[in-house]
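Beneath this line is the structure, given in structure tokens, with notes to follow.
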Amino acid sequence: MDNRVSIVRCSDYSNSFEAVNQSVELIGGLSAIVSKGDRVLLKPNVLGAHKPEDAVTTHPSIVSAVCQLVKKAGGIPVIGDGAGMTHPGATADAFRESGIEAVSKESGVELINFQTAGFVKVDVPEARHFSRLFVSKAVMEADVIISLPKLKTHELTYYTGAVKNMFGALPLKTRKEMHLLAERKLFGEGIIDLYSVAKPHLAIMDAVVGMEGNGPSHGTPVPTGLILASRDCVSLDIVAATMIGFDPQKIPTTEAALERGFGIKKPQTIGVLPENVRINYKPSSTGIIYNFPPFMIRFFGEQFTVRPRIDISKCIQCGACIMNCSAKAIENEDGNLRINDKKCILCYCCRELCPEDAVTVKKSLLAKIVTGT
């Protein structure tokens, strides 16, 4: 594995293509990764419906630049992610608001909503917590995966980058189960269970404008003026975390990755010297919840549910929901369709694809209080 990490200056997003191209060339070029005809999945960070200037999501100019480079290398780029919100339609809203939907249209590139495109069950060898995972079908079918993370602080993992970016490949139910492990170290180990079976071939980080403070969504944008790239996500995270003043050995995902044999503690850097671009980011202050006893986090987390329900008065039993349910959670009971909560992975495919709008959502009391609806 090539553990080199390139660091390239990029003063603003008008220079994205040149900076991204240079960062990739410094570590051997895209042709070393992408062959002609390869289906190349670009995985940006599309956490929620935020404008590019909010610095929550990967900037669309970075996604556009990588689309162009993949095409130049002979590959077929596709863009995909799944938002971290619980309400149906969240990913579509996030693609639109972030400007990534516009990039897909302008570039003629397929845009994949992980939450509705389906998931496949994957065995995880030597897993610490999840011996089997449902992982985005688009991720597992790609010939090449390119992670396009945003440089941000994070309330649970302190820092979020290339490794944590793959979290969007999981259905919402599994993401919740990882959070309910309720300890940073255990959560990091859960992320590496996923990373071990869905490891990107390349990571290109948007650090032109990062986020400090209460990341990953409520922090403050920080002009940082950089693009980082590596063929090893763990090595990139080590360099990036150090660059913003964090101890990489204390980042749960990095700690867990190194324990499992991924990455190296002191990767080589190419391009701008890390010490010349060091900028201390303010850490998140909202991770205090994870200092609560784990049983409290599990109890309250389990009380927060937003589950799909089939309205039998509208259902015409066309079968669209059954055909598109990756978890096979929709069952026929006395001539009516119902969703088995124990099997449901909260991908909301049934709701998104129902032609009769016959799938509603049922919120628990805590979910109603928190969401205000």
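Descriptive notes on the structure:
- Nonlocal amide H pairs with Lys152, under 5 Å, H built at 1.01 Å: Thr160, Met211
- Estimated FRET transfer efficiency when R0 is 25 angstrom, pair Asp341-Val122 (beta carbons, to 0.05): 0.65
- Reduced Cα scattering model of region 1-52, Debye log10 I(q)/I(0), q = 0.17, 0.23, 0.26, 0.31 Å⁻¹: -0.77, -1.09, -1.12, -1.16
- Bridging of Lys343 to aspartates and glutamates at a Cα separation below 13 Å is possible for Glu331, once same-chain residues fewer than 8 apart are set aside.
- Taking every protein chain into account, the 1.4 Å probe leaves Lys121 with about 130 Å² of accessible area, to the nearest ten.
- Binned Cα-Cα distance frequencies in the chain - 20 Å width, integer %: 30, 58, 12, 0
- Taking θ as phi - 60° and the Karplus parameters 6.51, -1.76 and 1.60, the scalar couplings of region 229-239 work out to 8, 6, 7, 10, 4, 5, 5, 4, 5, 5, 5 Hz in sequence order, x denoting glycine and proline.
- Sites Leu353 and Arg132, calculated FRET efficiency, Cβ-Cβ separation with R0 30 Å, nearest 0.05: 0.75
- What the pair-distance distribution of region 82-203 shows, using all Cα-Cα distances binned every 5 Å from zero, is 2, 10, 19, 25, 23, 14, 5, 2, 0 percent.
- Set of aspartates and glutamates near Lys137 by C-alpha distance (under 12 Å), chain-local residues within fewer than 8 positions excluded: Asp81
- Using just its DSSP H runs of length 4 or more, each adding -39500 (n - 2.57), the chain gives a mean residue ellipticity at 222 nm of -8000 deg cm²/dmol after division by all residues.
- Whichever aspartates and glutamates have a C-alpha closer than 20 Å to that of Lys363, once near sequence neighbours (fewer than 8 apart) are set aside: Glu177, Glu302, Asp311, Asp341, Glu352
- Trypsin sites (Lys or Arg not before Pro) restricted to DSSP loop in region 170-270 with at most 12 other C-beta within 10 Å: Lys265
- When you work out D = kT/(6 pi eta Rh) for region 1-145 at 20 °C and 1.002 mPa s, using the Kirkwood radius from C-alpha pairs as Rh and the Stokes-Einstein form, the result is 131 µm²/s.
- Applied to region 118-124, the Karplus parametrisation 6.51 cos²θ - 1.76 cosθ + 1.60 on θ = phi - 60° returns per-residue 3J(HN,Hα) values of x, 10, 10, 7, 10, 6, 10 Hz, with x for Gly and Pro.
- Label-to-label distance, nm, for residues given as Ile369 and Glu275 (7 Å Cα→Cβ offset): 5.3 nm
- Highest-MSF residue in the chain out of Gln22, Gln68, Gln317 [GNM, Cα springs under 10 Å]: Gln317
- DSSP assigns beta bridges within region 139-244; of those with both partners inside it, close to 75 percent run antiparallel.
- Charged-residue dipole, Cβ positions (Lys, Arg, Asp, Glu), region 1-151 about Cα centre, Debye nearest 20: 240 debye
- Solvent-accessible area of the chain (1.4 angstrom probe, protein heavy atoms only): carbon and sulfur portion equals 51 percent.
- Linear extension gain, Lys314 paired with Asp12, 0.36 nm per residue minus alpha-carbon span: 103.6 nm
- What the chain shows is 42 Å² of accessible area per residue, with the surface traced by a 1.4 Å probe over protein heavy atoms.
- Amide H contacts under 5 Å for Ile112, placed H, 5+ residues apart: Ile79, Gly80, Asp81
- Residues whose amide H falls under 5 Å from that of Leu202, counting only those 5 or more places apart or on a different chain, are Ile145, Ser147, with hydrogens built in the peptide plane.
- Note on the chain: antiparallel DSSP beta bridges, both residues inside, total approximately 60 percent of the bridges counted.
- Backbone phi angles across region 135-148, fed through the Karplus curve with coefficients 6.51, -1.76 and 1.60 (θ = phi - 60°), yield HN-Hα couplings of 10, 3, 4, 5, 5, 6, 8, 6, 6, 9, 10, 10, 7, 10 Hz in residue order; Gly and Pro are listed as x.
The values are calculated or read from the model by the stated rules, or taken from the named source; none is laboratory data. Because the structure is predicted, anything quoted here is derived from the model rather than measured. Neighbour counts are summed over all protein chains in view; Cβ atoms, including those assigned to glycine, are modelled from backbone coordinates with ideal geometry. Accessible surface areas use protein heavy atoms only, side chains included; no ligands, DNA or RNA. Shrake-Rupley method; radii C 1.70, N 1.55, O 1.52, S 1.80 Å.
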